[in-house]
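Every number in this text was worked out from the coordinates using simple rules, so none of it is lab data. Here the structure is a predicted model, which is why all the values come from computation and not from measurement. Backbone-built Cβ (ideal geometry, glycine too); neighbour counts: all protein chains shown.
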Amino acid sequence: ARADALPQDLTGVDVLISAGGTREALDPVRYLGNHSSGKQGYALARVAAQRGARVTLVSGAVSDPGDPAAVDVVHIDSADELSREMHARAPQADVVIMAAAVADFRPVDVAGAKIKKGEQGPAPIELTTNPDILASLVTARSEGTIPATTAIVGFAAETGDAEGGVLDHGRAKLRRKGCDLLVVNAVGDGRAFGTTDNTGWVLAADGAETGLPYGSKTLMASRILDEVVSLVPDRKG
Ligand code: CTP
Ligand code: CA
């Protein structure tokens, strides 16, 4: 679809999106990382810009680089850097979307020089927990650092397990994080739960649950932004 054929329902809205995976350094040349492609976050950034938003994309490592058109892109490596960039920019944003795959843990020590193989074999890597950026943005909003009107959106990929199905895990995570919307993607065997034509849901803090259709990341982005628009005060009016 041509960009100007899309609804311009995000005109005047500032949208801050994180995407891609973080890299947690072990030494100057090595890191712990993940397989995030960044595609969903990039699709959100592109479609939001096409719908009139001013978009800033804070990007970690992605599989298919190439900055989307009409979007300000900031590149980061680690969860700590991502946290700093998001907290610096969130006060100016009307919508904050955490689509990044943030490493839960990072090495305690980062060697200043390249680690040598040596003769003793590998040393264990001690890890520590990274800050929960999404939860800290919600806290910053409740403390007044971020305007109360800012909509905060999280993402979760879940499988069903002995504790419950994909939706049960999603609902629990939404409550735990305290964000306004949580986009829950069913992955692995969990996909068999729920209905066959849903790849996931957008769960809202008010209890509304909207199924996401099976389709491209662009289509998913459009449906997710439809839910975001319903939370944003009308900028044009
Ligand atoms: N997230 C974050 N900071 C972290 C970890 C996750 O901001 N340190 C964000 C992600 O960007 C995503 C949401 O929180 O929007 C949910 O991520 P997820 O990994 O599903 O949540 P966790 O709380 O890390 O729970 P889990 O044990 O299931 O990994
Ligand atoms: Ca996690």
How long, wide and thick is region 106-237, going by the Cα atoms along their three principal axes, in whole angstroms, largest first? 66, 41, 29
Which of the lysines could be linked to LYS173 by a straight reach, that is with a Cα gap under 30 Å, when you skip same-chain ones fewer than 8 residues away? LYS39, LYS217
Given points 7 Å out from each Cα along the Cα-Cβ axis, report the GLN92 to SER63 separation in nanometres with one decimal. 3.2 nm
Once normalised by the length of the chain, the mean sequence separation of its alpha carbon contacts under 8 Å that are 6 or more apart gives a contact order in percent of 19 percent
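Please work out the Cα convex hull volume for the chain and give it in Å³ per residue.
Each residue corresponds to 146 Å³ of Cα convex hull volume.
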Mind pulling the angle between the C-alpha long axis of helix 166-177 and the longest principal axis of the chain? Nearest 10 degrees, somewhere in 0 to 90. 80 degrees
Nearest-ten-degree value, helix 133-142 long axis tilted from longest Cα axis of the chain: 50 degrees
With a 10 Å cut-off between alpha carbons and a GNM built on the chain, which of THR199, THR218, THR149 moves the most? THR149
Tail weight of P(r) past 15 Å, computed on alpha-carbon pairs of region 1-61, percent: 57 percent
If each DSSP helix of 4+ residues adds -39,500 (n - 2.57) and the sum is divided by the residues in the chain, what number results at 222 nm, nearest 500 deg cm²/dmol? -7500 deg cm²/dmol
How far is it, in nm, from the label point at GLU119 to the one at LEU6 when both lie 7 Å from their Cα along the line to the Cβ? 6.2 nm
Note on region 89-237, DSSP bridge orientation, antiparallel percent to nearest 5 equals 60 percent
How far, in nm, would the chain grow between HIS35 and ASP168 when pulled straight, counting 0.36 nm per residue and subtracting the alpha carbon separation? 45.4 nm
Checked region 35-153 against the a/c 1.5 cut and the a/b vs b/c comparison, axes a ≥ b ≥ c from its Cα gyration tensor; verdict oblate
So what's the angle, to the nearest 10 degrees on a 0 to 90 scale, between helix 79-89 and the longest Cα principal axis of the chain? 30 degrees
